[in-house]
Amino acid sequence: SGSPAETSTNPTIDTIAPENEPRRANATLLMLARNSELETAAQSVRELEEKFNFKFHYPWIFLNEVEFTEEFKGNMTELASGPVQFGLIPEDHWYQPDWIDEERATQGRNKLVEADIIYGGSVSYRNMCRFNSGFFYRHPLLRDYKWYWRVEPDVHFYCYVDSDPFLYMEDNNKTYGFTISLYEFEATIPTLWQTVKDFTRDYPHFVAENNSMGFISENGGDTYNLCHFWSNFEIADMDFWRGEAYSKFFNYLDQTGGFYYERWGDAPVHSIAASLFLPKERIHFFQEIGYFHNPFTHCPLDWNLWHNKGCTCSSWMSFDNQMYSCKRQWEGIF
Ligand code: GDP
Ligand code: MN
C-alpha cells in the first residue's frame with residue numbers, strides 16, 4: 001500500500017500502527033465517566049494500556065452528559081496510546097423523558113430505598129442504565145465503529161491481552177463477549193421478565209433457534225433466574241444493538257417506563273437480548289482476561305493460561321466457582 005499520507009486522512013493512526021499487525025478491527029475502547037472520576041478513570045486507562053493497548057493503539061472514546069474538564073481530557077490523552085475523543089451525550093439520550101410519570105417514578109425510587117437496594121433512590125443511575133441499554137451505540141462518535149470494549153473507571157486488568165480480542169470476535173463469528181456472570185437483584189426488575197415475554201409473544205421471529213434460554217431461565221422461559229453478564233465489561237458488536245431485533249426490544253422495554261419506575265439495569269437488558277436473539281455460539285466467555293470490578297474478580301482458572309498471560313490475580317479469588325456466579329448456567333447450555 002502507499003505511504004501513510006496517501007492512505008489515511010489521520011496520519012497519527014498510521015504512524016503508530018504496529019508493523020507486524022496485518023489487520024485491525026473497526027473497534028474502539030469506550031468509557032462513560034464523570035469528571036469526578038478522573039483518578040479512577042486514569043487507573044483503568046493506564047492498566048488497559050499496559051496490559052493490551054500499548055501494542056494495538058486502538059482509539060479511546062470518553063462519553064459524558066456534561067463537558068469533560070480540560071484536566072480530565074489532558075490526563076486521558078496523555079495515558080492513551082491511540083487517538084482519543086471526548087463526546088457529549090445528547091440530552092434526549094440521557095435525561096428522564098417528559099412522558100415518565102414523575103409521581104410513579106418517585107414512588108418506585110422510594111420503594112427501592114426502603115428495600116435498601118443499591119442506587120435505589122438515584123435518578124442519575126437510572127439515566128446511566130437507560131443510556132447504556134439503548135443509546136451509547138447511537139452516539140455520533142461511535143456511529144462508524146462496529147466493535148467496542150466497555151471500560152469503567154476503577155477496574156483492574158490482571159493479564160496481558162497479547163492477541164487482539166476484537167479480531168478474535170470477528171474471526172470466530174462472535175457478537176457478545178463477557179468475563180463475569182451473576183444474579184441480579186430481583187427488586188430492581190420486578191416486571192422486566194413479563195415485558196420480555198410480551199415482546200417475544202409479539203415478535204416470536206426475533207428469538208434465535210439455538211438461543212441461550214437455559215442461561216437465563218431454569219424452566220424454559222416461564223421465569224427469569226436473574227442470571228446476566230456483568231456489563232461493566234463488554235466486548236461486543238454494536239451492529240447487534242443497532243439491528244432490528246434489539247432496537248424494537250429496547251423501544252418496547254423503554255415505553256413501559258421500567259428504567260425509571262423500577263431500576264432496570266443495562267446488564268440484564270443486554271444479557272436477555274443476547275441470550276434470546278443470538279444463537280448461543282455467538283456469545284463468548286473471555287476466560288483469559290483477568291478482570292476486577294468491585295467486588296468481583298475473574299481470574300483464569302487454568303494454570304497454563306494464567307502463567308502464559310502473565311496474570312497477577314489469584315485463581316482462588318475468581319468469582320467463577322462461587323455461589324453467586326452464573327457460570328454453572330452458562331456451561332450448562334453447551
Ligand atoms: P456500578 O458499576 O453499577 O456500581 O455503577 P457505576 O457508578 O460504576 O456506573 C457505571 C458507569 O457509568 C461507570 O462508567 C460510571 O463512570 C458511569 N456513570 C454512572 N453515573 C454517571 C453519571 O451520572 N454521569 C456520567 N457521565 N457517567 C456516569
Ligand atoms: Mn462500576
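Taking other C-beta atoms within 10 Å as the exposure proxy, S212, S315 rank S315, S212 from fewest upward. Here the label points at T223 and N304, each 7 Å from Cα along the C-beta direction, are separated by 4.2 nm in the simple model.
Taking a Cβ cut-off of under 12 Å around V66, the surrounding Lys, Arg, Asp and Glu residues balance to a net charge of -2, with basic ones at +1 and acidic ones at -1. Residues whose amide H lies under 5 Å from that of W230, counting only those 5 or more places away or on a different chain, are T179, I180, S181, L182; hydrogens are built 1.01 Å from N in the peptide plane. Each of S275, S247 has some number of other Cβ atoms within 10 Å of its Cβ, and from fewest to most they run S247, S275.
Ranking of H307, H284 by neighbouring Cβ atoms within 10 Å, starting from the fewest: H307, H284.
Couplings 3J(HN,Hα) of the stretch 223-231, computed from phi: 10, 8, 8, 6, 6, 7, 7, 6, 7 Hz, in residue order, whole Hz [Karplus 6.51 cos²θ - 1.76 cosθ + 1.60, θ = phi - 60°; x for Gly and Pro]. Shown for the chain: lysine pairs separated by 8 or more places, or found on different chains, whose C-alpha atoms are under 15 Å apart, numbering 6. Computed from Cα positions, the angle between helix 123-134 and the longest principal axis of the chain comes to roughly 70 degrees. The phi torsions of the stretch 45-60, fed into the Karplus equation with coefficients 6.51, -1.76 and 1.60 and a -60° offset, translate into couplings of 5, 4, 5, 5, 5, 5, 8, 9, 6, 4, 9, 10, 6, 5, x, 10 Hz, rounded to whole numbers, with Gly and Pro shown as x. The string of couplings for the stretch 84-91 from the Karplus curve (6.51, -1.76, 1.60, θ = phi - 60°) is 10, 9, 10, x, 9, 7, x, 4 Hz, one whole number per residue in order, with x for Gly and Pro. For the pair N173 and T40, a Förster radius of 51 Å applied to the C-beta separation gives a FRET efficiency near 0.90, rounded to the nearest 0.05. Inter-part distance, the stretch 65-128 to the stretch 248-283, computed on C-alpha centroids, equals 18 Å. Using the Stokes-Einstein relation with a Kirkwood hydrodynamic radius computed over Cα pairs, the translational diffusion coefficient of the chain at 25 °C and a viscosity of 0.890 mPa s comes to 118 µm²/s. Relative to the dominant Cα principal axis of the chain, helix 192-202 is inclined by about 90°. In the chain, helices alone account for a calculated mean residue ellipticity at 222 nm of -10000 deg cm²/dmol, with every DSSP H run of four or more residues adding -39,500 (n - 2.57).
Each reported figure results from applying straightforward, stated rules to the coordinates on display, with no laboratory input. Since the model is a prediction, treat every value here as computed from it, not as a measurement. Every residue, glycine as well, gets a Cβ built from its backbone with ideal geometry; the counts of neighbours run over all protein chains shown.
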